[in-house]
Amino acid sequence: EALALARAGIRFRVVPGVTAGIAGLAAAGIPVTHRTTNAAVVFATGHDAGGETPRSIEWDALARMPAIVFYMALSHLDDIAQRLIAAGRPADEPVALIERATLPGERVIETELGRAAKDAANRGVEPPVIVAIGVNVGLRSAILQTQNTRDEGA
């Protein structure tokens, strides 16, 4: 957006904030990193400029990362999951679909990588959605024991 505004000669100011990939997970009770599960996290887009599954991603390398957060991945979730599983990610790995993160009507659906797309379709999940993949997602239940949040396990 900033590039489009700059090219159009429109003056603007960027107001820094916290990305939904961090704030959305925190609000849902999922730590982005944790000493016992993952010391790193990767943020990736779920589709490229043409609307397709990103071809520029090195799926084998991405699959080795301990935690992955996808933006705009709902329409390609099955393809993304299959690519990660083919690259060695376990099909039963925890996944959280965070719909409308931090907004009224937020919904969190916990599922597994191999069935995430099917569960999203069956539950009527609609964008905007943050997709969190990794064992850190499994820490959510322990964190939520002391919080009052909306929980929609699949």
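Simple spin-label estimate for A49 and T37 gives 3.5 nm between the two label positions (7 Å along the Cα-to-Cβ direction from each Cα).
As a length-normalised measure over Cα pairs under 8 Å and 6 or more apart, the relative contact order of the chain settles at 26 percent. For the stretch 8-111, the fraction of 1.4 Å probe accessible surface lying on carbon and sulfur atoms is 56 percent.
Over the chain, average the accessible area per residue using a 1.4 Å probe and give it in Å², no decimals. Write out the running numbers ahead of the final one.
Numbers: 8700 Å² over 154 residues.
With all protein chains present, the chain gives 57 Å² per residue.
A Gaussian network model of the chain, with springs between Cα atoms under 10 Å, assigns the largest mean-square fluctuation among G24, G105, G114 to G105. What Kirkwood Rh does the chain have if only Cα atoms enter the pairwise 1/r average? Answer in Å. One decimal place: 16.2 Å for the Kirkwood radius.
The values are calculated or read from the model by the stated rules, or taken from the named source; none is laboratory data. Computed from a prediction, not measured in an experiment: that's the story for all the values here. Note: ideal-geometry Cβ built from the backbone for every residue, glycine included; neighbour counts use all protein chains shown. What goes into the accessible areas is simple: the full protein's heavy atoms, side chains included, and nothing from ligands, DNA or RNA. Shrake-Rupley method; radii C 1.70, N 1.55, O 1.52, S 1.80 Å.
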